[in-house]
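Asks: Structure below; questions to follow.
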Amino acid sequence: MEPPIEPDESDCCNSGCNPCILDVYEEQLRKYKQRTSSLITKNNCISLTSYAIFKLINIEKHWKQTFLFTFEYCGPQKGEPKVDASLLYKPGQHFLMKGKTYDEEFTRAYTPIPIENQSDLQFTTLIKLYEYGVMSRYLKKISIGRETLWRGPYGDFTINYDIQHMLLIAQGTGLAPLYSIAYDIVNNDECCTFLKLFFCCKDSNSIYLREQLYKLSTYWNFSYEVFLSESQGISPKYNEIIHPKKLRCDEIETYLKDKHKSVNILICGSENFMEDIKKHVLRSSVAEEDVFTF
Ligand SMILES: Cc1cc2nc3c(=O)[nH]c(=O)nc-3n(C[C@H](O)[C@H](O)[C@H](O)COP(=O)(O)OP(=O)(O)OC[C@H]3O[C@@H](n4cnc5c(N)ncnc54)[C@H](O)[C@@H]3O)c2cc1C
């Protein structure tokens, strides 16, 4: 978030406008300070350079092998100073979790997603477990109350709150950072960005965060469409737009028509998916610096 630019005394026309340009500046400065001060003065309970302990406090089955795992900060450890801490990160950033078995240690990235009314010492991640995955096997075995190790936040994407349009293209659990970004924008009264999400998944049962996406779509500036790679058994809920086909370049081009200079495009999924979609997007004369992959 950029600080507001201070107007010159001569920018005021002295005609008694309400609000005056100088008042508008003061108000913007107050909001800017309010937003940034919480990040500056509070201590972050998660660190970039050392692991902090978070206890697993809840596991909720989301769909088949996909679960919502919730963790809570355990507080400072022996010898560490007691400070007023919160869990601070930017939407779209991820944390690293360290897993351990008796003979090996391993680290994987997971993305916290916003949960309404959650304590600022907790976070939730949407995690898909793979049969032969090292961390997946570790996560399958851990139970509520288990202490786990995390560090972060990582990821350098910063939301441009002044952009007119944002196209979010997600595949599978790649939805997590893009959902987090969309949630932040719709809840920011000062941001007028129009958001469109194209979510790609296997079938209508694997539409992750379905209730949450529907809730976002009740905001004036968010809408989404789902693309299914397996078209059998479509069961739309609410007013969902579900396409029984994979996302193709025509849908992307249609959306981008007339928006080339006022759009950011965010893509998150497997390496192949991001590479493929980015190629399509760049063919539609969008500038490379307006395209972000996670
Ligand atoms: C920045 C970042 C953020 C991420 N955020 C999330 C998140 O929020 N939620 C989440 O679930 N994951 C996320 N991931 C992926 C996560 O870090 C792990 O890669 C994933 O959980 C698999 O780890 P694993 O140790 O179980 O599997 P590994 O031991 O690394 O892989 C073993 C086998 O598991 C299978 N496998 C692993 N990953 C995939 C895959 N993506 N697709 C298909 N098969 C696979 C393959 O068979 C693979 O050979 C993120 C990754 C990055 C880089």
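The values are calculated or read from the model by the stated rules, or taken from the named source; none is laboratory data. Keep in mind the model is a prediction, meaning the values are calculated, not measured. We place every Cβ from the backbone using ideal geometry, glycine too, and count neighbours over all the protein chains shown.
Asks: Could you list all residues from the range 88-128 that are more than 18 Å from Ala52 (Cβ to Cβ) and in contact with a Leu (Cβ under 7 Å, 6 or more places away or on another chain)?
Replies: Passing the criteria: Ile113, Leu126, Ile127.
Asks: A follow-up question, please. So Phe199 ticks every box in (1) crowded, with 17+ Cβ neighbours inside 10 Å; (2) farther than 25 Å from Asp258 by Cα but one. Which box is left unticked?
Replies: (2)
Asks: Given the criterion closer than 17 Å to Pro91 by Cα, more than 16 Å from the ligand (Cβ to nearest atom) and buried (at least 16 other Cβ atoms within 10 Å of the Cβ), identify the matching residue among Leu175, Leu209, Leu167. So that I can check it myself, show each step before the final result.
Replies: Values: Leu175 fails: more than 16 Å from the ligand (Cβ to nearest atom); Leu209 fails: more than 16 Å from the ligand (Cβ to nearest atom).
The conditions single out Leu167.
Asks: So, one more: Quick one: Glu60 ticks every box in (1) buried (at least 17 other Cβ atoms within 10 Å of the Cβ); (2) without any contact (Cβ under 8 Å) to a residue 60 or more places away in the chain; (3) within 21 Å of the chain's Cα centre (by Cα) bar one, so which box is it?
Replies: So the condition that Glu60 fails would be (1).
Residue by residue, here is whether (1) buried (at least 20 other Cβ atoms within 10 Å of the Cβ); (2) within 16 Å of the ligand (Cβ to nearest atom) holds:
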residue	(1), (2)
Ile142	no, yes
Thr158	no, yes
Tyr161	no, no
Asn187	no, no
Asn205	no, no
Leu228	yes, no
Ser231	no, no
Ile241	no, no
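Asks: Looking at (1) more than 11 Å from the ligand (Cβ to nearest atom); (2) touching a residue at least 40 places away in the same chain (Cβ under 8 Å); (3) out of contact with any Ser or Thr (no Cβ under 6 Å at 6 or more places or on another chain), which is the only condition Glu27 fails?
Replies: (2)
Asks: When the range 73-118 is examined, which residues are found to be surrounded by fewer than 12 Cβ atoms within 10 Å (Cβ to Cβ) and of a type in the set (Gly, Ala, Ser)?
Replies: The first filter runs over the range 73-118 and keeps only residues surrounded by fewer than 12 Cβ atoms within 10 Å (Cβ to Cβ), leaving 77-84, 100-105, 116-117.
Once the filter is applied, which keeps residues that are surrounded by fewer than 12 Cβ atoms within 10 Å (Cβ to Cβ) and of a type in the set (Gly, Ala, Ser), the range 73-118 yields only Gly79.
Asks: Name the single residue, out of those in the range 109-129 being touching a helix residue (DSSP H, G or I) at 6+ places or on another chain (Cβ under 8 Å) and assigned to a loop (DSSP other than H, G, I, E, B), that is farthest from the ligand (Cβ to nearest atom).
Replies: Taking the candidates together, the pick is Pro114.
Asks: Could you tell me how many of the residues in the range 144-156 are away from the ligand (no atom under 16 Å from the Cβ) and either among the aromatic types (Phe, Trp, Tyr) or in a loop (DSSP other than H, G, I, E, B) (or both)?
Replies: Step one: list which residues in the range 144-156 are away from the ligand (no atom under 16 Å from the Cβ), which gives 144-147.
The next check asks that each one be either among the aromatic types (Phe, Trp, Tyr) or in a loop (DSSP other than H, G, I, E, B) (or both); those that pass are 144-146.
Selection size over the range 144-156: 3.
Asks: Another question about this same structure. Among all residue pairs at least 6 apart or on different chains, which show Cβ distances below 7 Å where the first residue, located in the range 168-181, is farther than 21 Å from Phe123 by Cα and the second is near the ligand (Cβ under 9 Å from one of its atoms) and at pLDDT below 95?
Replies: Between residues of the range 168-181 that are farther than 21 Å from Phe123 by Cα and residues that are near the ligand (Cβ under 9 Å from one of its atoms) and at pLDDT below 95, there is no close pair.
Asks: Is it fair to say Asn117 is outside the structural domain of Lys64 (by TED's automatic domain parsing) and not hydroxyl-bearing (Ser, Thr, Tyr)? Break it down into steps so the answer makes sense when it comes.
Replies: On the way: outside the structural domain of Lys64 (by TED's automatic domain parsing): no; not hydroxyl-bearing (Ser, Thr, Tyr): yes.
No.
Asks: Additional query: Quick test of your reading of the structure: Ser50 fulfils all but one of (1) within 24 Å of Tyr183 (Cα to Cα); (2) not in a strand (DSSP E or B). Name the failing condition by number.
Replies: The failed condition is (1).
Asks: When you go through Tyr89, Tyr102, Tyr132 one by one, which is the residue that is under 13 Å from Ile46 (Cα atoms), part of a loop (DSSP other than H, G, I, E, B), hydroxyl-bearing (Ser, Thr, Tyr) and not assigned by TED's automatic domain parsing to the domain that holds Asn187? Break it down into steps so the answer makes sense when it comes.
Replies: Numbers: Tyr102 fails: under 13 Å from Ile46 (Cα atoms); Tyr132 fails: under 13 Å from Ile46 (Cα atoms).
Every option except Tyr89 fails the conditions.
Asks: I need the full set of residues from the range 54-101 which are basic (Lys, Arg) and out of contact with any strand residue (DSSP E or B) (no Cβ under 9 Å at 6 or more places or on another chain), in order please.
Replies: Here is the first cut: in the range 54-101, the ones basic (Lys, Arg) are 55, 61, 64, 78, 82, 90, 98, 100.
Those that are basic (Lys, Arg) and out of contact with any strand residue (DSSP E or B) (no Cβ under 9 Å at 6 or more places or on another chain): Lys78, Lys82.
Asks: Taking the conditions exactly as written (in a strand (DSSP E or B) and farther than 30 Å from Pro3 by Cα), does Phe292 satisfy them or not? Can you show your working first?
Replies: Numbers: in a strand (DSSP E or B): yes; farther than 30 Å from Pro3 by Cα: no.
No: the conditions fail for Phe292.
Asks: Also, quick follow-up: Of all strands (runs of 3 or more DSSP E) completely enclosed by the range 184-276, which ones contain at least 2 residues that are free of Cβ contacts under 8 Å to residues at least 24 places away in the same chain?
Replies: Output list reads 241-243.
Asks: Please work out which one of (1) assigned by TED's automatic domain parsing to the domain that holds Glu271; (2) in contact (Cβ under 8 Å) with a residue 40 or more places away in the chain is the condition Ser143 fails and give its number.
Replies: Of the numbered conditions (1) assigned by TED's automatic domain parsing to the domain that holds Glu271; (2) in contact (Cβ under 8 Å) with a residue 40 or more places away in the chain, the odd one out for Ser143 is (1).
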